[in-house]
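Data block below; observations after.
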Amino acid sequence: MTDRPDNAMSSRQPLPGAHAPAQGSWRELFSGRNGIYALALAGGVILHSVNMYISITVMPSAIEDIGGLDFYAWTTTLFVLASILAAAVTAAFLQAVGPRAAYLIGSIIFCAGTLVCAFAPDMRVMLVGRAVQGAGGGLLYALAYAMTRQVFPPQLWPRAISLVSAMFGIATLLGPAIGGMFAEAGIWRAAFWSVVPAAILFGAISVLTLPERSQDTDEKAGLPVVQLILLTAAVLGVSTGSLSSSLIWNLAGLAGAAVCIALIAVGDSNLTVRLLPRRSTGRCVRSH
């Protein structure tokens, strides 16, 4: 929808008595209860993202200790896949249990996976821990975006989203540095269990401060089961193909992933329960 030329100039000059929408300040975001919410949500994201870089940094030391070089690539693949799947079901999960319980459960899952990694006797157990850890972390970072609209007033939404997004940038600086220190000291297991106290802290903050019930009760969020299966197949296809030294298998993995993504786009246009935001794929599908 476009404005007519005669409205273009008037849109640049507000009418007498008109007021611009109120914009929240950083001081308002970090003060009072808003500051506690910001700490909890941003803390969950930085916990997930910093841990991701720490794990990647110390994994060579872990393999040297417990073996399992053939599984090296899967430690990241399963973590990322579990994170994506957990993030995809966050909306339905949030509506089902409420913000407080959702954040607490995400913290517990993350702690459980982290402890499994810390005490893993071999790489097979490590893979299980990485998958559980990824699911918990995926919930924490997706909940940070989903709950912004529920715990902050509208004028603070842009700043809250900016704060949460900035945590990934901070993680790229802190994660490798922290992981490198643990690896250099030869205590790679400590790199995992050292983040557990922070996860417990953020979980406690959620219990004490976050609302018990979700405000988004008008529309129930379903689970896009078909699309999630296709998404899983796409990620596994790329990962499996990349493990081979043959170019044919590499291309086959990419081709299979491309087919799955195309089917996801078609499914989001025709199925009632969607995976992607509305109108994100509709134009692409209609163009064919």
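The values are calculated or read from the model by the stated rules, or taken from the named source; none is laboratory data. The structure displayed is predicted, hence computed values, not measured ones. In this analysis, Cβ positions are derived from the backbone assuming ideal geometry, glycine residues included, and neighbour counts consider all displayed protein chains. Accessible surface areas use protein heavy atoms only, side chains included; no ligands, DNA or RNA. Shrake-Rupley method; radii C 1.70, N 1.55, O 1.52, S 1.80 Å.
Some values worked out for this structure:
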| read-out | value |
| --- | --- |
| Separation between Cα centres of region 159-193 and region 66-104, rounded to whole Å | 18 Å |
| Highest average packing first - 155-162, 84-91, 25-32, 39-46, Cβ atoms within 10 Å | 39-46, 84-91, 155-162, 25-32 |
| Solvent accessible area, Å² - residue 245, 1.4 Å probe, full protein context | 120 Å² |
| Label-point gap, in nm, between residue 243 and residue 194 - each point 7 angstrom along Cα→Cβ | 3.1 nm |
| Accessible-area composition of region 134-258, carbon plus sulfur, in percent [1.4 Å probe] | 70 percent |
| Residue 145 accessible area, 1.4 Å probe, all protein chains in place, Å² to nearest 10 | 80 Å² |
| Karplus-derived HN-Hα couplings along region 166-174 (A = 6.51, B = -1.76, C = 1.60, θ = phi - 60°), whole Hz, x at Gly and Pro | 5, 4, 5, x, 5, 5, 5, 8, 7 |
